[in-house]
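Everything on this sheet refers to the single structure shown next.
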There are 2 protein chains.
Amino acid sequence: MSEVVPSGARPQRADARENVRQILRAARAVFADRGYEVSIEEVARRSGLGMGTIYRHFPNKRALVEEVAIGHMRETCEVLARALAEEPDAWSAFTRVMRHMAEVRSSQLFPVSRRRTTESGPALVAARNALLSDLDGLVGRAQREGSLRADVNTYDLVLMMVSLPPRIADDGAGGGLAADLTGRQLSVLLDGLRAPGAEHLPGSAATRPDLDEFFRTRFGI
Amino acid sequence: MSEVVPSGARPQRADARENVRQILRAARAVFADRGYEVSIEEVARRSGLGMGTIYRHFPNKRALVEEVAIGHMRETCEVLARALAEEPDAWSAFTRVMRHMAEVRSSQLFPVSRRRTTESGPALVAARNALLSDLDGLVGRAQREGSLRADVNTYDLVLMMVSLPPRIADDGAGGGLAADLTGRQLSVLLDGLRAPGAEHLPGSAATRPDLDEFFRTRFGI
DNA sequence: GGCTAAACGGAAATTCATTTTCCGGTACTC
DNA sequence: GAGTACCGGAAAATGAATTTCCGTTTAGCC
């Protein structure tokens, strides 16, 4: 909701602009920790603002979620480009990107809500496709390099990242896990992803329809 | 709900007994496919019976879920014992058990429902502890054998199994994934679990409180 | 075949966590 | 200091599920 200022209207007040940033920051954190199902009230609590304030800046929950998701996807594309430029080999770049994706987990690629499905906005769709395309390039490189096992594809990998358990970090209100589940599981997966791979992967690789269906079923697109 | 017949009362009608079996069979299938959050209506549809019939045999949804969960846990214990007796080494037994757990996925270990948390019944708690204890034995063997990496423990493994994506099989009503996500991801994990493990697992292993907290947060115990 | 208690089906009532609205009160900005 | 923007959070609206209820159907027994 980067709030397009209607021409002629007075610009947004400084504190309000800061609050929007605050809301997005809190939303990112909460979503990464507990998933997109958390209530707006939780986001409000974490941001230190009221629920009314969130609704003043975002027309509804979905809009907030999309905003966060789009931010994550664009950021991941940047991380990917940087990794490709800086890392010595494709495998290092690959692990760096996977680690980043795990960090934000299902915040990747889509929204959300068990409410009746709504179409994703065009910006989200665009960001999603861009990310998928970039990932595809990275995966191809790593496989040609011989470091990433050949019997997985980009969709498989995305689905793995999205299925990682949430961080469940301590939110200050007690609770939270001592162990970094996400990180541990990711590390095990990465070991398993190194070529050639001893286990025979059953069936055939995931497809784009699989990816879409998974998100639809799991999160309501 | 194996319906204790009150002494002196007439025994349960044959068709009713068959229906209970039918309900449990359908519930298992639906839960494994889509997770415990599916509505009772979905279970009813799959079983070919009406919702009223389900409620005639189970006081509420939680009771049904616990029944299914307990069944899975006991069954897993049996599979484990058999694997240990029949397989030539601990690793083979280990993978066999993991595959079985993946099959029923989160149907393991606990219930459910986003409704306000309720305590698990004593039968469930007992089955859960028995399974955890048996798994511990298996994990220890595999690690002493040198085939399972040493830096994971039983809780880590259980959490991995529970985090696997649901099967999302075709339920006849269209939908369903072409790829066997669960199986593919499990295979990658198993490769990653072989000793010694190249990646360094971050942090320390999961603990029992972590396991409990995870289930509480994720499923409402 | 006919009777009766059991069992079934599924529409309707209830629940309940969340989302979303609203408006009296605050506090930036000029 | 005035005039808006903006904020907070209680309360209303929502909506997906669960659970109840009762008219119908059917198994079990004579």
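For A:R82, which inter-copy label distances result when the label point lies 7 Å beyond Cα on the Cα-to-Cβ vector, reported in nm to one decimal and in ascending order?
For A:R82, the other copies' label points sit at 5.2 nm, shortest first.
As a test of the definition: with a 1.4 Å probe, what buried accessible area, both sides summed, do you compute for B against A, in Å² to the nearest 100?
Working: alone 11930 and 11880 Å², together 20040 Å².
Buried: approximately 3800 Å² between A and B.
Give the ranking of A:E87, B:E103 by solvent-accessible surface, highest area first, calculated with a 1.4 Å probe.
Values: A:E87 50, B:E103 115 Å².
Reading off the accessible areas and sorting them downward yields B:E103, A:E87.
Measuring label to label, 7 Å along Cα→Cβ, what does A:A123 give against each other copy in nm, shortest first?
A:A123 label point versus its equivalents elsewhere: 5.3 nm.
If ligands, DNA and RNA are left out, what is the accessible area of B:F215 with a 1.4 Å probe, given in Å² to the nearest 10?
Counting only protein heavy atoms, B:F215 exposes about 10 Å² to solvent.
So how far apart, in nm, are the two label points at B:M51 and A:E119 if each is 7 Å from Cα heading toward Cβ?
3.1
Relative to the other copies, what are the label-point distances for A:R25, with labels 7 Å from Cα along the C-beta vector, expressed in nm at one decimal and sorted shortest first?
Copy-to-copy label distances for A:R25: 5.8 nm.
Could you quickly flag the chain A residue whose beta carbon comes closest to the rotation axis taking A to B, and that distance in whole angstrom?
Nearest to the symmetry axis by Cβ: A:G192, 2.
The values are calculated or read from the model by the stated rules, or taken from the named source; none is laboratory data. Computed from a prediction, not measured in an experiment: that's the story for all the values here. Positions of Cβ are backbone-derived with ideal geometry, glycine not excepted, and every protein chain shown enters the neighbour counts. Please note that ligands, DNA and RNA were not included when accessible areas were found on the heavy atoms of the full protein model with its side chains. Shrake-Rupley method; radii C 1.70, N 1.55, O 1.52, S 1.80 Å.
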